[in-house]
Every structure is written in structure tokens, then in C-alpha cells.
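For reference, the structure discussed in these notes is given below.
The values are calculated or read from the model by the stated rules, or taken from the named source; none is laboratory data. Here the structure is a predicted model, which is why all the values come from computation and not from measurement. Positions of Cβ are backbone-derived with ideal geometry, glycine not excepted, and every protein chain shown enters the neighbour counts. When the accessible area is computed, the model is the full protein with side chains, heavy atoms only, and any ligands, DNA or RNA have been set aside. Shrake-Rupley method; radii C 1.70, N 1.55, O 1.52, S 1.80 Å.
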Amino acid sequence: MSSFAEDLHTALAGPDRTISPKYFYDAQGSALFEQICELPEYYPTRTELALLRRHAGDFAERMGRGAQLIEYGAGALVKVRLLLERAEQLHSFVPVDISGPHLLAACESLQREQPALRILPVVADFTRMHVLPDPPSEGRRIGFFPGSSIGNFDPAEALAFLRLLREELDGGALLIGVDLIKDPALLHAAYNDAQGVTARFNLNLLRHAQRALGLECDPNGFDHYAFYEPRRHRIEMHLLPRGEQHLQLQGQRYTLVPGESLHTENSYKYSVESFQALAHEAGFRPSAHWTDERRWFSLHWLEA
Ligand code: AVJ
């Protein structure tokens with residue numbers, strides 16, 4: 001398994017200069033992401049929350065009685081509360097998250113609100129093989145993967161990940177949030193907000209490396225650069241060196257010039273049809289989808 005230090009060395013040495021967006025999320029990065037979710041330009045969070053609220057009854061009915069609800073990358077458990085409130089006699093709720101302390105704190109407050117709910121937290125990187133508690137003998141396993149987190153995977157990775165979920169949820173279903181292809185100007189604004197929060201979030205990758213690995217560099221010497229690439233239907237985020245930038249990681253020196261950006265994130269967008277085709281290829285049967293009036297965001301019910 002690779003580490004932040006190894007991955008950063010590889011990125012700085014080139015030629016790809018690409019690093020996983022998972023390294024955005026130390027405590028400060030997570031706080032910045034929560035601020036992003038509140039931005040006027042960042043429509044996905046509030047659009048998805050409205051869809052979850054509007055169709056909560058429908059989801060509860062589809063889950064059926066005695067289901068085991070599994071959330072991948074659970075975080076603060078905000079969205080899943082809308083499902084938990086309406087679900088009928090859940091067998092158990094299984095939040096999977098890589099950050100142990102945060103997950104356990106979120107579970108404690110949920111348990112206080114819902115004393116009867118059986119919560120079985122799993123601390124794990126949900127993109128890798130992980131061990132889940134046994135499935136219920138009566139009800140089904142229902143996966144929940146909101147936020148268009150699937151957008152961080154390139155198409156081949158997304159397919160492999162959905163195949164993994166299809167097996168894990170065999171006989172059950174997956175409820176997944178997917179951001180939709182739209183006017184590039186709207187996408188551009190969502191990743192280039194006026195207050196500069198997304199810029200700070202992007203630059204936090206370097207600050208995180210300074211704090212965690214002792215990276216020596218000047219984050220102010222880099223610009224946030226995000227754009228929509230229409231052919232691949234994805235937002236790309238880069239850190240763009242302004243002039244020659246010198247960095248040092250664990251005694252190793254690197255120089256980056258303006259043409260050598262660090263590629264920090266992709267966020268793929270789908271059409272309803274292209275996502276359903278991907279899900280179908282992964283072995284799911286797409287059985288329903290919901291979108292807002294402007295068709296900016298979608299939720300999909302996929303039978304496993
Ligand atoms: C958490 C991957 C869904 O791609 O919109 C937000 C992350 N990056 N603004 C997204 C993000 C910049 C977000 N995901």
C-alpha cells in the first residue's frame with residue numbers, strides 16, 4: 001500500500017505529476033470541504049439533499065423491511081439521516097469510513113438520537129477490499145454512496161469499484177448520487193468560487209504535506225487552476241507553479257516550472273444514460289433515477 005510520502009515523491013518526480021485527491025482530507029481539508037458544500041456556486045450538496053428529502057418515502061419502500069444499510073465514505077452522517085428516519089425496522093446501519101476518530105464520534109451522536117438503531121461502524125478505505133458484518137438473514141443489503149464521490153474515479157476505476165459493490169450487495173441494491181453533465185460555465189463556477197474556498201482546499205494539499213511530511217515549499221507560489229474538459233466530461237484541478245518553484249521532501253529536491261502543474265483531482269460528470277450504461281456493465285440493473293428540475297444532479301437506484 002502506498003503512502004502520502006511515496007505518492008508525493010512520485011508526483012513531484014514526474015512525468016505524470018498526478019496525486020490522489022484523498023490527500024486533501026486532513027482535518028483542515030475536511031473543514032474546507034464542508035465550507036465548499038455551503039457555497040452558492042457549489043450546487044451538488046444542496047441539490048442532492050433536496051432529492052433525498054423529496055423521495056425519502058420512495059427509498060424506504062425500496063429498501064424493504066429489515067435491511068442492512070451500508071454507507072461508503074460515511075463522513076459526518078448528514079445525508080444518511082434522511083434515509084434512517086424513514087427506514088422500516090432496519091437490521092443495522094454500517095457506516096464505512098477511513099477516519100476512525102471522526103466516524104466513531106459521528107456514530108455516538110447518531111446513537112444518542114436513535115437509541116434503538118444497531119450501528120456497526122467499519123474503519124476502512126472503502127475503495128479496497130474490506131470486511132463487513134454478516135448480512136441480515138431476512139432483509140437485503142442496501143449500499144449508499146452519495147455526493148458524486150464516484151466522480152473522483154476515472155471510468156475504468158469506477159467500473160472496478162462498482163463491480164466490487166455489486167458483489168458485496170448481491171441480491172440487494174445501491175443508491176448512488178451522480179453529478180450530471182451541464183453548461184460548462186456552471187461547472188466552472190462550482191470549482192472556481194468567488195470566495196476562493198476551493199482554491200484554499202486545493203492548496204491545502206501542499207499545506208497538508210508541509211504539516212504531515214515536513215515538505216518544504218511555498219504554497220503561495222502556486223495558483224489554483226480548475227477547468228472543465230468537455231471531451232472527458234470532467235473537471236480537472238491543478239496546482240500551477242507561478243514561476244520556478246523549489247520543493248524539498250525528505251532531503252530530495254524538486255523544481256517545478258509553470259508548464260509542470262500538479263494534477264490534484266478529477267471530477268467526472270455523467271449523463272443519466274452514460275451512468276446507467278456503466279452501472280449495467282458492472283452487473284447492476286438500473287431500476288429508477290431521480291433528478292432535480294434543472295437536471296443538475298441525479299440519484300440512481302441500482303439493483304444488485
Ligand atoms: C467530494 C469528489 C464529490 O468532485 O465535487 C469539490 C470534491 N473538489 N470541490 C467534487 C470537490 C472541489 C467533490 N467530491
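Taking the chain as a Gaussian network of alpha-carbon nodes connected by springs under 10 Å, the highest mean-square fluctuation of the residues Arg128, Arg234, Arg81 belongs to Arg128.
For the chain, with equal point scatterers placed on the C-alpha atoms only and solvent neglected, what are the log10 I(q)/I(0) values from the Debye formula at q = 0.14 1/Å, to two decimals? Listed by q, the Debye log ratios stand at -1.10. Accessible surface computed residue by residue for the chain, with neighbouring protein chains in place and a 1.4 Å probe, gives 46 Å² per residue. Here the range 109-171 and the range 214-235 have alpha carbon centers that stand 30 Å from each other.
Pairs of Cα atoms nearer than 8 Å and 6+ residues apart set the relative contact order; for the chain it is 21 percent.
What do you get for Rg/Rh of the range 162-247 when both radii come from the Cα atoms and Rh is the Kirkwood radius? Across the range 162-247, the Cα-based Rg/Rh ratio is 1.13. At full extension, Leu120 and Ala56 could sit 20.8 nm farther apart than now, given 0.36 nm per residue minus the alpha carbon distance.
By DSSP, the beta bridges lying fully in the chain are antiparallel in about 65 percent of cases.
Specify the inter-centroid distance of the range 23-79 and the range 81-100, based on alpha-carbon positions, in whole Å. Rounded to whole Å, the Cα centres lie 12 Å apart. Per residue of the chain, the DSSP helices (runs of n ≥ 4 H) give a summed -39500 (n - 2.57) that works out to -11000 deg cm²/dmol at 222 nm.
How big is Rg to Rh over the range 188-304, alpha-carbon atoms, Rh as the Kirkwood inverse-mean-distance radius?
Using only Cα positions, Rg/Rh for the range 188-304 is 1.12.
If you run the Gaussian network model on the chain, springs between alpha carbon atoms under 10 Å, then out of Pro15, Pro44, Pro121 the most flexible one is Pro15. With a Förster radius of 45 Å applied to the beta-carbon distance between Arg285 and Glu34, the computed FRET efficiency rounds to 0.85. Taking only protein heavy atoms and a 1.4 Å probe, the accessible area of the chain is 50% carbon and sulfur.
Restricting the GluC sites (Glu not before Pro) of the range 71-119 to loop positions (DSSP other than H, G, I, E, B) with no more than 13 neighbouring Cβ atoms within 10 Å leaves Glu85, Glu88.
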